[in-house]
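*Asks:* Sharing a structure with you now.
The values are calculated or read from the model by the stated rules, or taken from the named source; none is laboratory data. Treat the numbers as computed from the prediction; the structure is a model and nothing was measured. Note that each Cβ is placed from the backbone with ideal geometry, even for glycine, and that neighbours are counted across all protein chains shown. Surface areas here come from the heavy atoms of the whole protein model, side chains and all, with no ligands, DNA or RNA. Shrake-Rupley method; radii C 1.70, N 1.55, O 1.52, S 1.80 Å.
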Amino acid sequence: KAGVTQTPRYLIKTRGQQVTLSCSPISGHRSVSWYQQTPGQGLQFLFEYFSETQRNKGNFPGRFSGRQFSNSRSEMNVSTLELGDSALYLCASSGSRELKETQYFGPGTRLLVL
Amino acid sequence: AQTVTQSQPEMSVQEAETVTLSCTYDTSENNYYLFWYKQPPSRQMILVIRQEAYKQQNATENRFSVNFQKAAKSFSLKISDSQLGDTAMYFCAFMHDMTDSNYQLIWGAGTKLIIKP
């Protein structure tokens, strides 16, 4: 079974621009979560989607948004980029019958904001 | 609020040795899940082992095992016969019981483990 995929793997943007990141979960998984990883703040939860509905949201400004499609693929969008948004963005999927709470991660998208 | 603490920022051991990584957490809940993930230099986050709080038995996965002390809120990871490929950042993570539909992982700061040849 294919793992979680994320595109693109690397992005360079400038301040003020917006960016969209994509995540395709493991086949059959219906929950997709997003995390931001930075050297200073570590790993922080952004939001989680299940069946096209946002169930949980972390403590991030409204510039960070997401959505999930009917095929469980998810996108996250960051508008008006700031230098502090430079990070590794990780997507994880969960929902296997045996280990429904266990999250499996994609390779991440490295975003650099200049 | 739940917190996860990893008190060892960095550790290094010789290949084939056994190493134990520490993790403590704070919660008032009785049911929850605990995880160890590793993140090699490639940056892919990989599940190492998971533990359900209602299970008394410590989880094991090949060379990896945990010492889960629920009363002490401690969840350490033991790596036996360490290998060069074990070099990575190791993160301890907590998740609420899913009955309240709170699916986020709460992470520790990580421990950088270096296996020396």
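*Asks:* Gap in Å between the Cα centre of the stretch A:69-114 and the Cα centre of the stretch A:1-49?
*Replies:* Comparing the Cα centres of the stretch A:1-49 and the stretch A:69-114, I get a distance of 2 Å.
*Asks:* Can you give me the pair-distance distribution of the stretch A:60-114, C-alpha pairs, 5 Å bins, whole percents?
*Replies:* So the P(r) values, bin by bin, are 4, 15, 21, 23, 18, 10, 6, 2, 0.
*Asks:* Still on this structure: On the protein heavy atoms, probe 1.4 angstrom, tell me the percent of accessible surface of the stretch B:3-69 carried by carbon and sulfur. Before the final figure, lay out each step's value.
*Replies:* Numbers: 1500 of 3540 Å².
Using a 1.4 Å probe with all protein chains present, the stretch B:3-69 comes out at 42 percent carbon and sulfur.
*Asks:* With only Lys, Arg, Asp and Glu charged, each at its Cβ (+1 for the first two, -1 for the last two), find how big the charge dipole of the stretch A:46-111 is about the Cα centre; round to the nearest 20 debye. All intermediate terms of the calculation are to be shown ahead of the outcome.
*Replies:* Working: 8 positive and 7 negative charges, 19 e Å.
So the magnitude is around 100 debye.
*Asks:* Heavy-atom accessible surface, probe 1.4 Å, ligands and DNA/RNA ignored: which residues of the stretch A:18-57 lose at least 20 Å² versus the isolated chain?
*Replies:* Listed in order, they are A:Y35, A:Q37, A:L43, A:F45, A:R55, A:N56.
*Asks:* On to the next question. Per residue, what accessible area does the protein assembly as shown have, given a 1.4 Å probe and all protein chains present, in Å²?
*Replies:* Values: 11000 Å² over 231 residues.
Per-residue accessible area for the protein assembly as shown comes out at 48 Å².
*Asks:* OK, next. Relative contact order, percent, of chain A when contacts are C-alpha pairs under 8 Å separated by at least 6 residues?
*Replies:* On the way: 291 pairs, mean separation 41.0, N = 114.
Taking the mean separation of contacting Cα pairs over the length of chain A, I get 36 percent.
*Asks:* Next question. Taking the convex hull of the alpha carbon atoms in the stretch A:1-62, what volume per residue do you get, in Å³?
*Replies:* Numbers: hull volume 7.6 nm³, N = 62.
Spelled out: Cα convex hull of the stretch A:1-62, divided by residues, is 122 Å³.
*Asks:* Quote the charge dipole size of chain B about the Cα centre in Debye, to the nearest 20; the model charges only the Cβ of Lys and Arg (+1) and of Asp and Glu (-1).
*Replies:* Details: 10 positive and 11 negative charges, 27 e Å.
Dipole size: approximately 120 debye.
*Asks:* Using a 1.4 angstrom probe on heavy atoms only, work out the carbon and sulfur share of the accessible area of the stretch A:9-70 in %. Don't jump to the answer; show the numbers that get you there.
*Replies:* Working: 1450 of 3240 Å².
Answer for the stretch A:9-70 is 45 percent, counting heavy atoms of protein chains only.
*Asks:* Quick one: buried accessible area between B and A, total over both chains, 1.4 angstrom probe, nearest 100 Å²?
*Replies:* Values: alone 6420 and 6340 Å², together 11000 Å².
So the total buried area for this chain pair works out to about 1800 Å².
*Asks:* Rg to Rh for chain B: what is it, with Cα atoms only and Rh by Kirkwood?
*Replies:* Working: Rg = 13.9 Å, Rh = 14.4 Å.
Across chain B, the Cα-based Rg/Rh ratio is 0.97.
*Asks:* When the C-alpha atoms of the stretch A:30-70 are aligned to their principal axes, what extent does each axis show, in angstrom, from largest down?
*Replies:* 35, 19, 13
*Asks:* Can you give the three extents of the C-alpha atoms in the stretch B:48-91 along their principal axes, from longest to shortest, in whole Å?
*Replies:* Reported extents, whole Å, longest axis first: 33, 18, 13.
*Asks:* Work out Dmax and Rg for the protein assembly as shown from the C-alpha atoms and quote the Rg first, both in angstrom.
*Replies:* In order Rg, Dmax, the Cα atoms of the protein assembly as shown give 17.6, 51 Å.
*Asks:* Follow-up. For A:H29, what accessible area in Å² do you get when you roll a 1.4 Å probe over the heavy atoms of the protein chains, rounding to the nearest 10?
*Replies:* Surface accessible to solvent at A:H29 totals approximately 10 Å².
*Asks:* Let me know the charge dipole size of chain A about its Cα centre in debye, to the nearest 20, where only the beta-carbon of Lys, Arg (+1) and Asp, Glu (-1) is charged. Walk me through the intermediate numbers first.
*Replies:* Values: 13 positive and 7 negative charges, 31 e Å.
That gives a dipole near 140 debye.
*Asks:* Okay, next question. log10 I(q)/I(0), Debye, Cα-only chain A, no solvent, q = 0.15, 0.16 Å⁻¹?
*Replies:* Reported log10 I(q)/I(0), two decimals: -0.59, -0.67.
*Asks:* Which shape class, rounded, prolate or oblate, goes with the stretch B:56-117 when its Cα gyration tensor gives a ≥ b ≥ c as root eigenvalues, a/c under 1.5 marks rounded, and past that a/b bigger than b/c marks prolate? Walk me through the numbers on the way to the answer.
*Replies:* Values: a/c = 2.46, a/b = 1.66, b/c = 1.48.
Verdict is prolate for the stretch B:56-117.
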